[in-house]
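The values are calculated or read from the model by the stated rules, or taken from the named source; none is laboratory data. As the structure is a computational prediction, the values presented were derived from the model and not from experiment. Methodologically, a virtual Cβ is constructed for each residue, glycine included, from the backbone with ideal geometry; neighbour enumeration extends over all protein chains shown.
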Amino acid sequence: MHRGVFAGAIVLLTHVAIDASAQTSSKAGQTDPPVSSSPTWYGWQTLAFDGVVALDVASFGYGQIPGPPSTIGTLWEVVGVTTYLAAAPIVHWAHGNVGAGFGSLAMRVFGPLVGLGMGLELAFNNPSCFQVCFAGFTAAGMLVGPVVDASVLAWASPPQSARATGAWLAPALATRSGGGTIGVQGGF
């Protein structure tokens, strides 16, 4: 059941990201809205995807049948890791912040690896805390990226005009009986 909730949350958040991005696109024949001179924070969008990943991680293994791993379980693990790595960078790119998107991706790849290295170093020097050090520092490394991402990188500069921000890009997930699709959709 928790996998269905995870899929539903991704679909909902994808539509939120698309709607938020589509609001910045201009329609033919409309005049440009007033331009704000202050940056806009869109970190709530990156945090929303990170919340979905946190729910997936928190429910990992809950309700699974003992035995060999199932294809569905493996698929959702891949979807969870992919969402952790790619969703926030895609949100940045949808807002036109290419550098922030690649910075977010780098933090999400290297943060857990640095945490893992620190945890292993402590664990080998203190064998009594192996599991705590290993898992704790890896989890801490996974949390640093989203926190820095949402608080520091997720700021959109004021656009020159509404027409300058007409392009958008967002993750997409559609499920149906017997399968589904994962991809990226966009417009300009």
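Remarks
- Filter pass, Met118 being in a helix (DSSP H, G or I), free of Cβ contacts under 8 Å to residues at least 24 places away in the same chain and at negative phi: yes
- Selection from segment 73-100 of residues that are under 14 Å from Leu47 (Cα atoms) and without any contact (Cβ under 8 Å) to a residue 60 or more places away in the chain: Tyr84, Leu85, Pro89
- Scanning segment 50-70 for residues that are at pLDDT 70 or above and farther than 15 Å from Leu153 by Cα yields a total of 9.
- Residue tally, condition modelled with pLDDT under 85, assigned to a helix (DSSP H, G or I) and touching a Gly at 6+ places or on another chain (Cβ under 9 Å), over segment 131-188: 6
- Matching entry among Gly73, Gly80 (being at pLDDT below 90, closer than 25 Å to Ile182 by Cα and touching an Asp or Glu at 6+ places or on another chain (Cβ under 8 Å)): Gly80
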